[in-house]
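Here's the structure we're looking at; comments come further down.
Coordinate-derived values only; no laboratory data. Note that the structure is a prediction, hence the values are computed from the model and not measured. A quick note on method: Cβ atoms are made from the backbone with ideal geometry, for glycine too, and the neighbour counts reach across all protein chains shown.
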Amino acid sequence: MNMKLGYQLLLSYIVLAIIPTYSIGYYSYTTSVNALQNETTLRLQGTLQQIQNNIAYKQNEMERTVEQLYYDQGFQAAIYNYTNGWEGYLTITQNVLPRLSSALALASYDVNLVTYINDPSFPEVRYPVSGNPLSRGKRAEISLIDRFSDEQWLNTVSEETLIRGVWMQTPVDKKYGNISYFRELLYFQTGTRLGVLQVTASVQDVFAAIEDAHVGEGSEIVVSDISNKVQLLAGTQISIADWKLRGSDTLTVTATVPNLKWHVNTYVPLSTIRGESDNIRNITFLICALVFFCLLLLGWGISQHISRRINRIIVAFRALQIGDFRRRIPDKQGDELCEIENAFNEMANNLGTLVQEVYINKIKQKEAQLNMLQAQINPHFLYNTLSAISRLAKMGESDKLQKMLLSLARFYRLSLNNGRTIVTVEEELQQVQTYLDIQKIKHSNDIEVRFDVDPQALPYITLKLTLQPFVENAITHARFIHTIHIRIVVEKQGTNIVFQVIDDGIGMDDDMLTRLKTEAGHYGIQNVDQRIQLQFGDAYGVSIYSAFGIGTTVQLVIPAQLQEEKHPEPTISFQR
């Protein structure tokens, strides 16, 4: 992150201040809202429980009206033993109608009680009413079962259910907003089915408790049947036809009406509940804002103080970097940064002298290493050549001996080069050619060499005696047939000069390559790599690629530098 430390510290303080402040505010707000929702839910559940109790009481009144007749054995016997004539008239007027009136009186609101008789000879007592059967208040009627036996809704009710009693809405009930309770009338002594008892009341009367319930501003109470059709609304001016199911923006609490499977739903807008927590939210926000502002000021002050002290240390280090070893940092405080300042002051006291000593010693060491490596190569080659001259002298090969001595003299004239270790690429190739002339004499022209030289590379500089050790290694170790072919390639590749010595000799496996690079006997190969890296840096040097039975390629890479760009050349002195 490209940002100053002071700003990084300030940013971290801001983050550390925002996280707990936001967390506390969010927790406080959500906790208050949840608490209010839970409290509202409990209050609504209590209200709905009271509504359930009131509805159950109204239902019990209707059920008692029917059960008053259902369990009245005198009422059962009067219907079962009915006969036409005067006695039948007395039975109806003295036994049946009074019992109907008595049962009707048990209801505290308008109901319509109808006794449907299976006996077709039983006289009917009916009131001509067109429309809502409750329009004329409490009424008790006697009707023949045939009047509604062909109704489709009746076929959906089993006899067993009808015996126990069932709550439902007939098509007429649905039309006028009523609800009915049915139970089959039996003659207990014989088990004969006498007919069906029906008591009907207005849904509004049965669920009158919801009109008196108050669950909050903007809240609604909705009564829906088993098919979720709305039967009754309270707390709103919207009609049933226009009312729509509420979404997730309301708190909904539902209760089931016993024995009816209807639902009483209360809908309370969440905005009403959250409105009560607005004060808590505002106060929490104000407190969190004040805390955040205080923490921000504190963090800004600390970050600026630390940043100033660190900048002071950075300025001192930069001064030291450009050679100002007199710079010191005042010591005022005893903290961790003060320890860094003391360490800097102590380091600055001695660093100037140490840097000078190390720098000078490093230069001298580098010059000494270059001289030592050069000194190792020349005696090694001289020893091998003198051995060959000795063999020629013993064999009486005077012509070859003369040519070898002349080539050796020319080789050392090029090698000494007035004590210089830096030569041009052209001079290095001349020295390799002279070395090959000597080797061809030793090996009876069993060596074939081809030079592929880029003329652009000739003016550039290189270290003296870099190619000769690898050509010598190819001749000495790679030849396994009568004639060995060596290809020497020199070319300029971008900003580098690349040398390659390629032979078709026996090649080497990985173990032989490792020994070639590490064993003490291979002075020239090891030394060339070290000399190149000492002179030009670790990015340059020698790479060897070989495959057993195929051949070997040695590649040397140095930077492309002209005579005026070359590195300072160490001075080499000779003693006579």
Discussion item. Give me the extension gain from L16 to F188: residue separation times 0.36 nm, minus the current Cα-Cα distance, reported in nm with one decimal.
Written reply: 53.6 nm
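From the cross-link list K403/K492; K138/K175; K400/K464, which pairs have alpha carbons spaced over 31 Å apart?
K403/K492
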Fill in: Rough spin-label spacing in nm, given labels placed 7 Å along Cα→Cβ, for R147 and S102
2.4 nm
Worksheet item: Between E397 and Y57, what is the label-to-label distance in nm when each label sits 7 Å out along the Cα-to-Cβ direction?
Response: 13.8 nm
Fill in: FRET efficiency, 1/(1 + (r/R0)^6) with R0 45 Å, evaluated for N34 and V172 via beta carbons
0.40
Item to complete: Measure out, as a whole number of angstrom, how far apart the alpha-carbon centroids of the stretch 428-501 and the stretch 86-115 sit.
Response: 137 Å
Practice prompt. Could you tell me which of rounded, prolate or oblate describes the stretch 1-136, using a ≥ b ≥ c as the square roots of the eigenvalues of the alpha-carbon gyration tensor, with rounded for a/c under 1.5 and, failing that, prolate when a/b is larger than b/c and oblate otherwise?
Written response: prolate
Discussion item. Can you compute the modelled spin-label distance between Q456 and D509, with each label point 7 Å from Cα toward Cβ, in nm?
Written reply: 4.2 nm
Discussion item. How much length would be gained if the chain were fully extended between S390 and N118, taking 0.36 nm per residue of separation minus their Cα-Cα distance, in nm to one decimal?
Written reply: 82.8 nm
Worksheet item: In what order do W300, W262, W167, W86 fall by count of nearby beta-carbon atoms within 10 Å, going from fewest to most?
Response: W86, W300, W167, W262
Item to complete: Please order D146, D504 by the number of other Cβ within 10 Å, starting at the fewest.
Response: D146, D504
Worksheet item: Once the Cβ-Cβ distance between S135 and S158 is put in as r, and R0 is 30 Å, what FRET efficiency do you end up with, to the nearest 0.05?
Response: 0.40
Response to the item:
Length gained if N349 through I238 is fully extended, taking 0.36 nm per residue and subtracting the Cα-Cα distance, is 30.7 nm
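Give me K492, K175 sorted ascending by neighbouring Cβ count inside 10 Å, so fewest comes first.
K175, K492
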